[in-house]
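Any read-out appearing in this document is the output of simple, stated calculations on the displayed coordinates, not a laboratory observation. Quantities reported herein were computed from a predicted structural model and do not represent experimental measurements. Cβ sites come from the backbone with ideal geometry, for glycine too, and all protein chains shown count toward neighbours.
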Amino acid sequence: MILLVGLLLFWTGCRPVEPTKRAPKSRPTELPDLLPGDWPVFRGDEKASGVTSGTLPAKLRLHWTFVAKGGAIDGGGFEATAVIADGTVFAGCTDGNLYAVDLKSGEEKWRYPTEVGFLAPPAVRDGAVFVGDIDGRFYCLDARTGKPRWHFDTDGEIDSAANFHGDRVLFGSQDSKLYCLKRQGGTRVWMYESGDQIRCSPTVVGDRTFVAGCDEQLHIIDLITGQPAGDVPLGSPTGNTPAVRGELLVVGTEGRVLFGIDWTKAEEVWQYKPEKRSAPFRSSAAVGPKTVYVGSRDKCLHAVDLASGEPRWTFTARGNVDSSPVLVGDRVFVGSTDGRLYAVDAASGEMVWQFELGGSLLASPAVAGGRLVIGSDDGNLYCFGE
């Protein structure tokens, strides 16, 4: 009977079913298809920390450049962050294609074409790739072949990356809803409706997920039931993905404020607003053991104290820093709309390396296997290593 229902949902476009009042408790599972240090989700891990356990060489060189092939939309770019799993780079492009590229060689393994393209980062788990497109369709594809397994339709553009909890996959949509689906088959477990668009990616900690939305609220949601478990006012909209370390959650807003929030109490702990030429935060934060790193449209990468929100240093780029930084050991890597990829000393804020790529960098770095991958809006995907 379960198989029959799953097949029916597939052929009817996975129409949503009514959410259950109480779903069985799901638990995280081991991931045999992932390698240690992989970057399988937008910010590296389920807590969206933006921190990698892997390493990068002291001196980086460009290994390969993959150029978008074009498709339904000519002149597309890589505006969504890539992910890396099992030696493969997965990246969505606004040319209409989702690409799978070999991490070592830069050769295309497969591509999945659509009519609209992708702004959402993909996510990988248990041999499957999960990603939403600009038209509001959420796909599950086989990671090795690119063949579709199922899809689920929403009523709004999807630029929210997926995240996982046990046997479930979570993602937001600009139709103002957070969806929780079964990874196998794509049937809906529950749906949470916020007051406005959800453009950030859901962050997962234990049995809680966190969503910051255009309704000016941080939503705390019970992962088992899909019911609200608290909220914190942010004062302005945001599309940023909340980053968590311990009991502290960090998120920035269009209102030019970076918040530190105790998510266990749903209480604000601190605010950071740059004193000079402050601008919206469209970069999601990286949270190290003691320091938060976040970009801003004031053309700066900011470092603030994790516990207090007090400023530590500011690095100035030549363009807006909408790219979300990644902490790799003692360096922070981030892109800028000036077309440059920067490496900055995490302790001092001094630039230690830069590389001019050309196109605007809206996507964020992904780091795995001793390589760093980042895409540009002119349709190039770059890989750096030793």
Here, ARG61 and GLU108, labelled 7 Å along Cα→Cβ, have an inter-label distance in nm of 2.7
Dipole of the chain, Cα-centred, from +1 at each Lys and Arg C-beta and -1 at each Asp and Glu C-beta, to the nearest 20 debye? 560
So how far apart, in nm, are the two label points at GLU247 and VAL116 if each is 7 Å from Cα heading toward Cβ? 4.2
Taking neighbour counts of Cβ atoms within 10 Å as a proxy for exposure, in what order, fewest first, do SER53, SER283 appear? SER53, SER283
Can you match Cα Rg over 2.2 N^0.38 Å to one of these, [x] 1.73; [y] 1.61; [z] 0.91, based on a calculation from the structure here? [z]
For a label point 7 angstrom out from the Cα of LYS265 toward its Cβ, which stretches of the stretch 278-318 have the backbone nitrogen within less than 14 Å? 308
Take VAL352 and THR316, extend 7 Å from each Cα along the Cα→Cβ direction, and tell me the distance between the two endpoints in nm. 2.3
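Using the number of other C-beta atoms within 10 angstrom as an exposure proxy, rank LEU223, LEU119 with the fewest first.
Placing the least packed residue first, the sequence is LEU119, LEU223.
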So who's got an amide H within less than 5 Å of the one on ARG282, skipping anything under 5 residues away but keeping other chains? H placed 1.01 Å off N, in plane. ARG297
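In debye, nearest 20: dipole of the stretch 255-349 around its Cα centre with unit charges on the Cβ of K, R (+) and D, E (-)? List each step's numbers first, then the result.
Numbers: 13 positive and 11 negative charges, 74 e Å.
So the magnitude is around 360 debye.
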Going by how many other Cβ atoms sit within 10 Å of their own, how do SER296, SER324, SER105 line up, fewest first? SER105, SER296, SER324
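Taking 0.36 nm per residue of separation and subtracting the Cα-Cα distance, what length does fully extending ASP142 through ASP155 add?
Details: separation 13, 0.36 × 13 = 4.68 nm, distance 2.43 nm.
Full-extension gain reported as 2.2 nm.
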Contact order relative to length of the stretch 2-385, as percent, for alpha carbon pairs under 8 angstrom and 6 or more apart: 16
Would you calculate, for the chain, the mean residue ellipticity at 222 nm contributed by helices, counting each DSSP H stretch of 4 or more residues as -39,500 (n - 2.57) and dividing by all residues, to the nearest 500? -1000 deg cm²/dmol
